[in-house]
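The values are calculated or read from the model by the stated rules, or taken from the named source; none is laboratory data. No experiment lies behind these values; they were computed from the predicted model shown. Every residue, glycine as well, gets a Cβ built from its backbone with ideal geometry; the counts of neighbours run over all protein chains shown. Ligands, DNA and RNA are stripped out before the accessible areas are found, and what is left, the full protein with its side chains, is counted by its heavy atoms. Shrake-Rupley method; radii C 1.70, N 1.55, O 1.52, S 1.80 Å.
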Amino acid sequence: MTVNELMERVSAEMGENVSENLEKIAAVSEEIRREQNAEELLEALAKFAFAQMPPDLRKFMEDTTFVNGQRMDQAFGAALALINENKSAEALPLLKAISDKIAECFENGEKKWFSFRNPFEYHMFRQFFPDEKEFDRAPFDFAHYLETYAYVLTDLGEMREAEQAAKRAVSFNPVSADMYFELIEICKLTNNLPDLLKYCQEASRLCTTVDRMARVCNSMGWFCQETRDFQSAAVYYFESMRLKPSAPTEAELTDVVRRIRFEGGRFAPPTDAQVAEVFRKSQVTRYPNGELVELALGMKNEAQKYKRLDLEGLFTRVAFDLTNNPELKADLDRIDREIAAQNEAAD
C-alpha cells in the first residue's frame, strides 16, 4: 500500500464527528502495521490524524505529547534507532524526557489512561478489571515507551529506576504479558525470587501465544533452579521445549537433568498430569488459558454478527494462536479471501 492509497482510503471514511474519525484512524493504524512500509504509512496517518483535530485539541496534544519539539512517537523512534546502534547511554535522555512528559500529563490526574495495543487487549481488560469503568485511550503506546525505558535503565545498571519504569509500563497495559517480562528480567538480575514468581504467575494468565508462554516457562525453570527444585525446573524447561523448541532452552534442560542425576535422582519426560501438578503447585496458569479462549471465540462471534471482518479476523487469529484448531485456521483463510475481495472491489 502506498501513502497516497492510504490517504485516499482514510479520507473517504471520514465523517463530521471528530471522535469517530479519530477512532477510525486508530483502527486503520492497527491494520497497517503488517504492511512492509508500515513506518512510512503510520507517519503519514499520524500527520493526517493531527490535522483532523480541532485547534483546541491540537494545542492540548502539543502541550502533552511533544518532546524536544517532536511528537512523542518521533522522539521514541529516534531513541530506538540509538538503542539498535548499541547506544543506550545516548538514548537515555530522550527516553527520560518521554517518561517525564508521561508522568506530568497522564499519571498525576484523576483520569486513568491505558495503551492497549489492539481491541482484544481492551476486551481482556474489561473482563479482568470489571470495576474499572472510567478510563481513556492514551494517545501513544506509553506502556511500550516505559518498557523500553526500563530496558535501557537495566542495560545501564540503574536497577531501582528500571523497576519503577517497568511497573509504570504495566500500569498502562496490565493485560499484556510482554509488559511483565522486563520486570521478570529485573527480578532475575536482582535475585528477587518472591516478585519473580508473582510476575510469572501474572504473565501466565495473559499469554495469547506459545512464544510468550514458553518465555514464562523458561523463567519458572530459572526460578525453580534457584530454589533447588530441580525436578520442577526440568518440567518447566520440558514444557517450554514442547511449546517452542530452542537451543538455549534445550541446553538449560540438559543442565538441570545433569544436576538431578548428579544428586542421585532421575528424570523422565513428564506425563500431562505431572506437568499440570507442577503448574498447580506454583500457581502458574497453564497454556492455553481457557478464559482467554472463551473470550476470543465470543468476540469472534460478535464481530461476525456485526459484519466486522477486520475484528473477526483479529479475534479468530487470537483463538487460533491459543488453540491451534484447524477449523479456526480455515476461518482465517476464509476471512482473508473476503477481505481481499472487498479491497479488490473498492479499487
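Keeping the other protein chains in place, figure out the carbon and sulfur percent of the accessible area of the chain, with a 1.4 Å probe.
Looking at the chain in its full context, I get 49 percent from C and S.
Tell me, what is the per residue accessible area of region 81-177 in Å², probe radius 1.4 Å?
51 Å²
If you find the alpha carbon centre of region 274-319 and of region 2-31, how far apart are they in angstrom?
29 Å
Is the chain rounded, prolate or oblate when judged by the Cα gyration tensor, a ≥ b ≥ c being the square roots of its eigenvalues, rounded requiring a/c under 1.5 and prolate requiring a/b larger than b/c?
In terms of gyration-tensor shape, oblate.
Loop-only GluC sites (Glu not before Pro) in region 16-64, please: DSSP not H, G, I, E or B, and at most 16 other Cβ atoms within 10 Å.
Working: sites: E16, E20, E23, E30, E31, E35, E39, E40, E43, E62; in loops: E16, E35.
Qualifying residues, ordered by number: E16, E35.
Enumerate lysine pairs in region 1-157 that are 8 or more residues apart or on different chains, then count those whose Cα atoms are under 29 Å apart.
Lysine pairs meeting the criterion: 26.
As an exercise, use a Förster radius of 30 Å and the Cβ-Cβ distance of M7 and E338 to find the FRET efficiency, rounded to the nearest 0.05.
The formula returns an efficiency of 0.80 here.
Using a 1.4 Å probe, what is the accessible area per residue for region 243-301, in Å²?
I get 63 Å² per residue for region 243-301.
So if R0 is 51 Å, what FRET efficiency would F60 and E226 give, r being the distance between their Cβ atoms, rounded to the nearest 0.05?
Values: r = 48 Å, r/R0 = 0.94.
According to the calculation, E is roughly 0.60.
If R₀ is 22 angstrom, what is the calculated FRET efficiency for the pair Q164 and D195, using the beta carbon separation as r and rounding to 0.05?
FRET efficiency, Q164 to D195: 0.95.
In square angstrom, what is the accessible area per residue of region 31-73 with a 1.4 angstrom probe?
I get 62 Å² per residue for region 31-73.
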